1. Starting at the first residue of segment 316-330, write each ³J(HN,Hα) from the Karplus equation 6.51 cos²θ - 1.76 cosθ + 1.60 with θ = phi - 60°, in whole Hz, x for Gly and Pro.
2. Amide H of Tyr140: which non-local residues (sequence gap of 5 or more, or other chain) have their own amide H closer than 5 Å, using H built in the peptide plane?
3. In Å, what Rg and Dmax follow from the Cα atoms of the chain?
4. Working from Cα positions, state the angle (0 to 90°, nearest 10) between the long axis of helix 87-106 and the longest principal axis of the chain.
5. Could you tell me the center-to-center distance, by alpha carbons, between segment 305-346 and segment 206-260 in angstrom?
6. Rounded to the nearest 10 degrees, what's the angle between the helix 332-347 long axis and the longest principal axis of the chain, both from Cα atoms, 0 to 90?
7. Which chymotrypsin sites (Phe, Trp or Tyr not before Pro) does segment 75-137 hold that lie in a coil by DSSP with at most 15 other beta carbons within 10 Å?
8. What's the exposure ranking of Ile16, Ile136, going from fewest to most Cβ atoms within 10 Å?
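Just so it is clear, none of the values below were taken in a lab; they were calculated from the coordinates. Predicted, not measured: the structure shown is a model, and the values here were computed from it. Cβ placement follows ideal geometry from the backbone for every residue including glycine, while neighbour counts extend to all protein chains displayed.
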Amino acid sequence: MRNVLYLNNYMSEEVIEVRNNKSVFSQPANNKITGILLSLLAFDCRVTILSSGLVNSKSLKIYKKLEGEKCHTANVIYCRIFDFPFLNTLSSIFFMYREIKKLNRKEKIDNIIFYNYKPEVAWAAYMAKKNLGIPITVEYEDGYTQVEDIKGVKAWIFKSTEEIVSQKIDSAIVVNDKVREKYRVPAITVRGVVNPFFLNECKSYYKEVNDQFTILYSGGLDRSRGVQVLLDSLQYLKIDCHIVITGKGSVVSEDKRVDFKGFVPYEETLYWMKQADLLVQCQLVNDSFADVSFPSKLFEYIATGNYIISSAITDVYKFAGDDLIYYENDDPEMLGKRIEEVYLKWKKGEYKSASTERLCIQNMPEQVGKRIVSLWGK
C-alpha cells in the first residue's frame, strides 16, 4: 500500500469556525481536493491530508495544530499557524515542513502531492524533495499568475514560487491539456472527479416540477467566471423564469427574475443544483485564466442529470462532446437563445437530460486513481 501525503488548504466547517477563516475558504478547492483524495483511496493508497489551515484575518493570534479529524478514511492534520501579516504564510511553510519530517520519520512517505503553487504548500513540498528526497507531484488546478485580481507583490510571489518549485517536481496532475503540454515530466490531465456520494444522492432525489422554469448559476462572481454574461443575456431572454445565483461577492441586476442568494451553505447550493431545470456555466473564453483552468462545477452539474449550458472554454468540448449545450465567444445573445431552447423542452415536459451518464462513469474516482498512480510507476 502506497503512503501518500497530500499538502493542501482543505478546511472542514468546524475548523473554519475555530480559525475564523471564511475569507480564504474555497468550496470548489475543497471539492477538488476531495475528488483527488477519493481517487487515491479507491486505488489502494493510504492518504494523510496535511492542511495549512491558512488564516489571513490579521487577528494576531497563534493557532495550534489540530488533528484527529477524518476526511473519509484519511487523517487530517491542520498545521500550527501565526495569524500575523506576512508571518501567516512563512509560519505555515515552516510548520508544514516540520510536520512532514515527523510523519516521514514515523513511516516513510512514498509520494507527496501538493495543491497548486500556493507558497504555503509548494515551498514545503520543495524542501521535502530537496532535503528528504521524497518524490513530489503538483496538482495544478488554477493558474494564479493569470488571475486579474492577483497583482503587485502577491503576483510576484506566486510567479516566483511556480518558476522555482516547478523545477523540482517529479510529475504533475494538471487541469487541462493545454497546461499539460508545458510539462516535461510525466503528467496527466484530471479536469475533476465525480463525487460518488453526490451522484447516488442525485439518482435517488425526487424532483418536484417547478412552477417556473428555474436556472441556476453557482460559483465565483468575479469577472473571469462570467456571471455578467448571464446577466447580459437577460435583455434577449423573453421568457418567464426564476434565475437563482449563489456565490461569494455581489451581483447587480434590476431584472426581477434574478434571485441572488449570496454565499449560502454548501448543502443549499447542492439542493438548487438538483432542483433547477437548467444549470449554467459561464466562465469566459476570452480571458487568460481560461487557458490555465477548468470549470470544476461541471462535475457536480453532470451528476444531477439536469440540462447544462456551458461556455466553450478550453477543453470543455474534449471533456463533454455533444453531451452539453454550448454558446460561443462569450456572446450573451447566443446564451439567451440556448436558454430558450431548453425552456421549450421544459414546456414539453422534458425535465431531465439523459446525456451526462457517460461523463459520470468516465470520471469516477476508480478511473482517476488508476491514472494518478500510473504516474509513479511500481
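1. Each residue of segment 316-330 in turn: 5, 5, 4, 6, 10, x, 8, 7, 10, 9, 10, 10, 9, 6, 6 Hz.
2. Asn116, Ile173, Val174, Val175
3. Taking only Cα atoms of the chain, I get Rg and Dmax of 21.0, 65 Å.
4. Between helix and principal axis, roughly 70 degrees.
5. 15 Å
6. On a 0 to 90 degree scale, this one is about 70.
7. Details: sites: Tyr78, Phe82, Phe86, Phe94, Phe95, Tyr97, Phe114, Tyr115, Tyr117, Trp123, Tyr126; in loops: Phe86, Tyr117.
Sparse-neighbourhood loop chymotrypsin sites (Phe, Trp or Tyr not before Pro): Phe86.
8. On the way: Ile16 14, Ile136 24.
Fewest-to-most Cβ neighbours within 10 Å comes out as Ile16, Ile136.
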